[in-house]
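**Student:** There's a structure below that I have some questions on.
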Amino acid sequence: MARWFFGPPLFDRVFVRTGGSCLPTAPDAATMTSASVASLQACRAAGGRWAGGHDVSGHCFLLIHSALFLAEEAVAPLLAVLSDRRHTLPALTTARRAALAATLGLVGVWVFMLYATARYFHGIHELLSGTVLGVAYWAAL
């Protein structure tokens, strides 16, 4: 919805500024130019494919940011309970324990997904840039 105001997504801009372009894959798509197609979505809609450039790992960015965000939310209650040696804090209720277990389980799934992404889908530079941007975005919030 806001694309009309902000333009193409940030990762697509990085890709284009680092030498990436949209290459035609079909004979009827030969009229497109790389300057006229500035986003992955528009490139695919025009019958092309991204080539060249640096592709920031969006999966890595999203998984790192989400895992850090949820882990931060889960660590606070754990530290409060673990640091309460005199047992002055009320124990975690069953609902809170279930929520904490679900949160940590989800973070575990995301860590496994991050491993699979790193192992099978991206190069080291793409992973590093996605990780740096994910940590930076988490730290900014």
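**Student:** With labels modelled as points extended 7 Å from the Cα through the Cβ direction, what inter-label distance (nm, one decimal) is found for ALA51 paired with ALA99?
**Tutor:** Once both label points are built, they end up 5.2 nm from each other.
**Student:** Provide the packing ranking of 54-64, 115-125, i.e. peptides ordered by the mean count of other C-beta atoms within 10 Å per residue, highest first.
**Tutor:** Peptide ranking by packing, descending: 54-64, 115-125.
Every number here is computed from the coordinates shown, using simple stated rules; none is lab data. Treat the numbers as computed from the prediction; the structure is a model and nothing was measured. Methodologically, a virtual Cβ is constructed for each residue, glycine included, from the backbone with ideal geometry; neighbour enumeration extends over all protein chains shown.
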